[in-house]
Each structure stands twice: as structure tokens, then as C-alpha cells.
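One structure is given below, encoded as C-alpha cells.
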Amino acid sequence: MKKQAVTFFLVFLVIGFLFGFSAVFAVGLHGADKTAASAGLTSYPDNIMEITGGFIGTLLSFIAVFFFILMVYGGFIWMMARGNEEQEKKALRTVIAAVIGMTIIVSAYALTKLIFTRLNETDPKNDDSACIKKGEGWSCGSIDSCSGVTGQNIEEKRESCSQSSSCAINLCPGNDTIVCCQS
């Protein structure tokens, strides 16, 4: 039974790696960014810290699902023990191991989230002070909320923003849809 559980876990992990990496590395390749923008999916990680943090979070989520399944399996074995003490002990050990594993994974997830959030806060790209320095009423926001910005896609909107007196590009943290606007 252990061999089956290990095999299942490894297959699950390999599938997670394959789909996780392909989704991360597809961004910006072969027009995928234009396709995502036309579908309204304009928010994706744009730096290595966000990509790494997202990957680790996804990996830990898959592992947490594995431990949850292990917990359910232990509960099932316990219910099917029918008074057999050896089966009950095996089930109890499985459930305890799954709870310990889940606790470790949740702690690792929380720690990873904390570390990558703190690292991202210290990233100079996340400093909106350049926008605020433009003066009273200037702040970072969505390009769609800026007055005087027109265009069908993000490239046209950014071009319109760069020509507007109430909009400025490349002063705010985030992706291409976040600009500095005057309200």
C-alpha cells in the first residue's frame, strides 16, 4: 500500500511540475500575452519573486491535498477495521501522520507567503512614490480609471496615456495596466 501511495504522490507531483512550469513560462511567449490581454487576463507575475512564490505556494497546495487524501484514507481504514485492533492502530498512525504533515505544510505555506510578501514589499518596483511626487491628486490606479485614455487594447491605451496630461506610464508598481493618474 505504501508503494501505491508513493507512486500516486510522485505522479501528482510530476503533473504539478509540468503544468505549473508550462503556465509560468508561457507568459510573454509567442503572443500569449496578447491573447491573455484580449481575454481580459492582464494580471500575471512579472518578476522572479512572484513566480517563485506562486510556484512554491502551488506545490505546497498540491502536497496539502495529498495529506488530506491520506487523512481520508486513514479514516476509511479506521471505519473498515471492524474491531480489528491492528487495523485500528494502522489507521490511527496514518491519520496522525497526515495531521502532522498537514501542519508542517500549512506552516511552510504561511512562512513562504510571509517571506515573499516581505521581499516583494522591498522591491523598488513596488514604490509608488514617483507617482505621488507628481503632485496633488496623482495616484496609481488602473489604466481604465484614468480620464482621457482611449483604446481597444492595452498597447493603444498605454500610448493614449503617454500622450495625456492626466496620465503617466512607468511610475507605478504592477503590470502594464497600472498607471499614474491625476484625479
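The values are calculated or read from the model by the stated rules, or taken from the named source; none is laboratory data. Predicted model only: the values in this text are computed from it and were never measured. In this analysis, Cβ positions are derived from the backbone assuming ideal geometry, glycine residues included, and neighbour counts consider all displayed protein chains.
Observations on the structure shown:
- From the options G141, G74, residue that is touching a strand residue (DSSP E or B) at 6+ places or on another chain (Cβ under 6 Å) and not in a loop (DSSP other than H, G, I, E, B): G141
- When residues of segment 144-162 are limited to those that are touching a helix residue (DSSP H, G or I) at 6+ places or on another chain (Cβ under 8 Å) and not in a helix (DSSP H, G or I), the one modelled with the lowest pLDDT: G148
- Test: G53 is modelled with pLDDT of 65 or more, over 27 Å from the mean Cα position of the chain (by Cα) and surrounded by 14 or more Cβ atoms within 10 Å (Cβ to Cβ): no
- Qualifying residue in segment 117-136 (condition: at pLDDT 80 or above and assigned by TED's automatic domain parsing to the domain that holds L171): yes
- Flag for I100 being assigned to a helix (DSSP H, G or I), outside the structural domain of G174 (by TED's automatic domain parsing) and within 17 Å of the chain's Cα centre (by Cα): no
- For S165, the criteria (1) within 30 Å of the chain's Cα centre (by Cα); (2) outside the structural domain of I48 (by TED's automatic domain parsing); (3) on the phi < 0 side of the Ramachandran plot hold in every case but one, which is (1).
- Scanning segment 69-98 for residues that are of a type outside the set (G, A, S) and loosely packed, with under 14 Cβ neighbours inside 10 Å gives V72, F76, M79, M80, R82, N84, E85, E86, K89, R93, I96.
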